[in-house]
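The values are calculated or read from the model by the stated rules, or taken from the named source; none is laboratory data. Computed from a prediction, not measured in an experiment: that's the story for all the values here. Here the Cβ is made from the backbone with ideal geometry for all residues, glycine too, and neighbour counts use every protein chain on show. Ligands, DNA and RNA are excluded from the accessible area calculation, which covers all protein heavy atoms including side chains. Shrake-Rupley method; radii C 1.70, N 1.55, O 1.52, S 1.80 Å.
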Amino acid sequence: MGCACTPLSASLFTSLPLRHRLPPSPPHFAYAVPFRPKQQTPSHTSRLSALPLLFQGSGNNNSNNNNNNNGNGGSWGNPFDSNDSDSNSNSHRILFLSLLCSSSVCFFCHLLQVKLANAKTWSSSTDNELSSEPVWEVRGGKWTRLVPDPTKDVFVSANPGLLAELQSLKPSQFASFVWLKCRDIFTRLMLPEGFPESVTSDYLEYSLWRAVQGVACQVSGVLATQSLLYAVGLGKGAIPTAAAINWVLKDGIGYLSKIMLSNFGRHFDVNPKGWRLFADLLENAAFGLEMCTPAFPQFFVLIGAVAGASRSAASLIQASTRSCFFAGFAAQRNFAEVIAKGEVQGMASRFIGIGLGIGLGNCIGSSTPLVLASFCVLTWIHMYCNLKSYQSIQLRTLNPYRASLVFSEYLLSGQAPPVKDVNDEEPLFPAVSILNATFANKVQSIALSSEAKDAAAEIERRLQLGSKLSEIVNGKEDVLALFGLYKNEGYILSEHMGKFCVVLKENCSQQDMLKALFQVNYLYWLEKNAGIGGKGTLNDSKPGGRLHISLDYAEREFNHVKNDGESVGWVTDGLIARPLPNRIRIGDTASSNSVSS
């Protein structure tokens, strides 16, 4: 047994830093024979002092050396003792596992120290990079520089607090500091979050002009209200009940204009700038009529009703066209916020206007000539600011005129014109040429040719969307030719008596109408530049005819002109138009040739 244990013990302790081993214990015999090992002097006197602690139990290291069978030497005993193979085997395993665990712990501690050292090095290098590369927090249009805080392992604002800023200010810097803070508060209250990136470039100019006109309009309103009160005799001791009845009657009759004008809502989408300017004219006319009531008190209800109807119509048109403008301003689809800020700006203008109006009213008193003179000045300011604000708007949707101008310039130069140039050229009142010349923008665009401008005006004059099929065909052959040519389209285009007549099918969409207008522009181009005239509906619908050539070109180039238009900012999802209510539904033309129109 002693010989069997010696290799195992030697293999277990080869890794120990021992240079000499204790002498092996004598073999155990079945009977007790007193035996004392001879004391040996090792060749080296040095011995690991901690080794007996590993081998010894709770007993004395120098006593009971001759009584190894008692087991009183402790739980460990002598590792070289082979008195019991099972107990020695368990001791060896426990010692091996203990050493293995200790080595693993030391290895992982060393690895952790290396990683902490690398982390410190990386943290210092990262701090250097962050100090050299600034980090910014963007909130709307405000940029705040962030710096790392090593004590809390977070990023904090580099800007000092309000108290710290105030303490660090010099007396000469206090006024500029207050001005900057007031400007920031005003920007947050009056402008959409993220200004100017969150809106289009024309928003600020429009808002500034609208603010001035709002003040002028409110001053006129205060003067008009004062005149109405004088007209009903409020300053002469009239009965309040009679004044209230006349006031309610005046407003009640005026509300009818809103109901009647609501049927023209589609007109406001096509030409919102012109209708908005017309609404401002109505509003100023209403103010003028109300200011005349003190001179004609007997016609108070009549004058008040006409003025109320004009103001109600103006408010309806203003509310309808405002959505068109704000939808174009919302560059980041922040439609509701743009509307909310517009209302705030309007309230601020009204607040200032009321104060100025009260002060001016106290100075003027009940003098009608002075009131009318002041009204003329305020009306000029109001209308001029309105005109400049509408001229600054850049509508990106396509109505018949804007689409014709874009398509005509594309056919002439091969490029879609910019949004601003087309909006500057668009007339505010297409039906009234005198007013167009009066309110025309004096800045001439170099991106638009005179030929394209003339073509757009001519096409808009000759275009008829929603024509009746029965009015543009002369027989069955014309019907079948048009149906065969436009069988895959949502419209039917033909020329009749100098008009470009577009018959809309029942399933015609805004995109189909835009494509029809593009074909109309090419048809006009063939007429003016290629000299290809009309030869009748039947011949024009055959291969080589004008209608066939223009439709083939529209099918090939329509997507290209759309892509070019979108690249410069146009919204090409459809045509904003006011077509006639006529539609056709094509049945089985092969069998019955029936058409319902």
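Per residue, what accessible area does the range 201-393 have, given a 1.4 Å probe and all protein chains present, in Å²? Spell out each step's value before the answer.
Numbers: 9010 Å² over 193 residues.
For the range 201-393, the per-residue accessible area is 47 Å².
Say the cut-off is 26 Å between C-alpha atoms; which of Lys487/Lys515; Lys258/Lys499; Lys273/Lys453; Lys535/Lys562; Lys453/Lys562; Lys528/Lys562 go over it?
Lys258/Lys499; Lys535/Lys562
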When only C-alpha pairs under 8 Å and at least 6 residues apart count, what is the relative contact order of the range 443-597, in percent? 26 percent
Whole-Å distance linking the alpha carbon centroid of the range 170-201 with that of the range 311-371 is 23 Å
If I take every Cα pair under 8 Å that is 6 or more residues apart in the range 201-393, average their sequence separation and divide by the length, what percent do I get for the relative contact order? 44 percent
In the range 462-575, with Lys and Arg counted as +1 and Asp and Glu as -1 at Cβ, which of these residues, Asn474, Trp570, Asn521, has the Cα nearest the positive end of the dipole, that is, farthest along it? Asn474
Label the range 474-597 by shape, choosing from rounded, prolate and oblate, from the square roots a ≥ b ≥ c of the eigenvalues of the Cα gyration tensor; if a/c is under 1.5 it is rounded, and otherwise prolate applies when a/b is larger than b/c, oblate when it is not. oblate
Classify the range 494-539 as rounded, prolate or oblate from the Cα gyration tensor: take a ≥ b ≥ c as the square roots of its eigenvalues, call it rounded if a/c is under 1.5, otherwise prolate when a/b beats b/c and oblate if not. oblate
Accessible area in the full protein assembly, largest first, 1.4 Å probe, for Val219, Val377, Val568: Val377, Val568, Val219
Given axes a ≥ b ≥ c from the Cα gyration tensor, I'd like to know whether the range 201-393 is rounded (a/c under 1.5), prolate (a/b larger than b/c) or oblate. prolate
Neighbourhood charge, 14 Å Cβ-Cβ cut-off, centred on Met347 and excluding it, Lys, Arg +1 and Asp, Glu -1: +2
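Around Val568, what is the net charge, scoring Lys/Arg as +1 and Asp/Glu as -1 over all other residues with Cβ under 13 Å from its Cβ? Write out the running numbers ahead of the final one.
Details: positive: Arg396, Arg402, Lys420, Lys562; negative: Glu409, Asp421, Asp564, Glu566.
Combined, the nearby Lys, Arg, Asp and Glu give 0.
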How much net charge surrounds Ser207 when only other residues with a Cβ under 13 Å from its Cβ are counted (Lys, Arg +1; Asp, Glu -1)? +1
So what is the accessible area of the range 534-583 per residue, in Å², with the probe set to 1.4 Å? 53 Å²
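Hey, can you rank 494-505, 555-566, 281-292 by average C-beta count inside 10 Å, highest first? Walk me through the intermediate numbers first.
Details: 494-505: 19.1, 555-566: 15.7, 281-292: 21.7.
Taking the mean over residues of other Cβ atoms within 10 Å, the ranking is 281-292, 494-505, 555-566.
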Per-residue accessible area for Ile339 at 1.4 Å probe radius, Å² rounded to 10? 50 Å²
FRET efficiency for Lys476 and Asp552, Cβ-Cβ distance as r, R0 = 25 Å, nearest 0.05? 0.50
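For Asp280, Asp512, give me the order by solvent-accessible area with a 1.4 Å probe, most accessible first, ignoring ligands, DNA and RNA. Can you show the working numbers first?
Working: Asp280 0, Asp512 35 Å².
Putting Asp280, Asp512 in descending order of accessible area: Asp512, Asp280.
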Dipole of the range 310-396, positive direction: furthest Cα of Ser315, Leu378, Phe329, with charges on the beta-carbon: Phe329
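How large, in percent, is the carbon and sulfur part of the accessible surface of the range 201-393 at a probe radius of 1.4 Å?
Values: 6440 of 9010 Å².
Carbon-and-sulfur percentage of accessible area, whole number: 71.
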Report the residues of the range 191-208 in range of a label on Ala340: point 7 Å along Cα→C-beta, backbone N strictly under 15 Å from it. 191-195
